[in-house]
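Read the structure below first, then the notes.
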Amino acid sequence: MMTSPSAKPLFRAIRGKGRSADGAGMFGELPSARRPGADVRREHDFYPTGQPEAIRALLARDGGIIRSCGSVWEPACGDGALVREIRAFGLPCVASDLVDRGCPDSSMADFFGCEVSRGGAIITNPPFNLINARDGHGRWLRHTLDMPGWRYLALLLSWDWPAARANGLGALLDQHPFSYCYLMRWKLDFTGEGSPPQRNAWFVWNRAYRGAEPGFRFLNREDGDSINQGRLL
């Protein structure tokens with residue numbers, strides 16, 4: 001009876017052939033944008049929300065609540081992608097950012113130098129390096145929660161953002177959990193390069209919310225189709 005040879009030597013041989021003398025894979029080094037740990041993030045972590053469906057869908061769902069707050073502040077307005085849609089909805093929107101990137105009627109302001117909210121609602125896509133656990137230690141959220149003057153807060157972030165527990169972010173979210181989140185059933189392309197790698201969600205803190213636990217809701221790309229210059233048709 002013949003016995004089959006062990007697969008281990010064969011596996012080692014195949015694996016060895018895929019490496020060059022300098023340790024590169026059979027297809028060479030991975031591009032820097034895909035190599036783990038590569039520092040490829042943009043200056044000031046600017047990733048604009050180019051597609052309007054994300055903010056339109058949020059306004060379609062929470063527009064009445066946001067309108068009751070009187071005004072909106074977009075403190076990381078960038079080129080105005082969110083601001084234009086909020087104003088088109090008929091809401092006054094104060095726009096500011098650390099850097100002037102061409103948003104109409106905006107001002108330059110360091111978010112961490114603002115001690116009081118400039119609007120009753122805050123809606124923004126914050127710099128991820130200032131709100132994540134690894135780099136930002138949740139600093140953006142901590143400053144916002146300590147800031148008086150707002151009643152509604154919506155942050156556009158990666159879906160897995162609240163799962164991180166390092167550097168105090170987990171404890172912060174345990175103490176101040178979001179009221180509910182809207183998970184998007186489509187992917188946002190923040191770079192314009194296609195094939196976005198992650199799913200995103202709006203995380204909402206509503207100071208009038210009385211739920212015992214954070215709520216979970218879905219957003220569909222077409223949810224915002226009914227938005228037309230501030231009217232739900």
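Does any residue of region 146-155 turn out to be within 26 Å of residue 52 (Cα to Cα) and acidic (Asp, Glu)? No, the conditions are met nowhere in region 146-155. Only one of the numbered conditions (1) farther than 16 Å from residue 151 by Cβ; (2) in contact with a strand residue (DSSP E or B) (Cβ under 9 Å, 6 or more places away or on another chain); (3) not polar (S, T, N, Q) is violated by residue 62, and that is (1).
Screening the candidates 183, 153 for the property of being within 14 Å of the chain's Cα centre (by Cα) and surrounded by fewer than 22 Cβ atoms within 10 Å (Cβ to Cβ) yields one hit, 183.
The lone criterion from (1) modelled with pLDDT under 50; (2) within 21 Å of residue 220 (Cα to Cα); (3) of a type in the set (Gly, Ala, Ser) left unmet by residue 50 is number (1).
The single condition among (1) surrounded by 14 or more Cβ atoms within 10 Å (Cβ to Cβ); (2) over 11 Å from the mean Cα position of the chain (by Cα); (3) modelled with pLDDT of 95 or more that residue 137 does not satisfy is (3).
Assigned to a loop (DSSP other than H, G, I, E, B), at pLDDT 95 or above and farther than 20 Å from residue 82 by Cβ, is that true of residue 148? Break it down into steps so the answer makes sense when it comes.
On the way: assigned to a loop (DSSP other than H, G, I, E, B): yes; at pLDDT 95 or above: yes; farther than 20 Å from residue 82 by Cβ: yes.
Answer is yes for this residue.
The values are calculated or read from the model by the stated rules, or taken from the named source; none is laboratory data. None of the values given here were measured: they were computed from a predicted structure. Every residue, glycine as well, gets a Cβ built from its backbone with ideal geometry; the counts of neighbours run over all protein chains shown.
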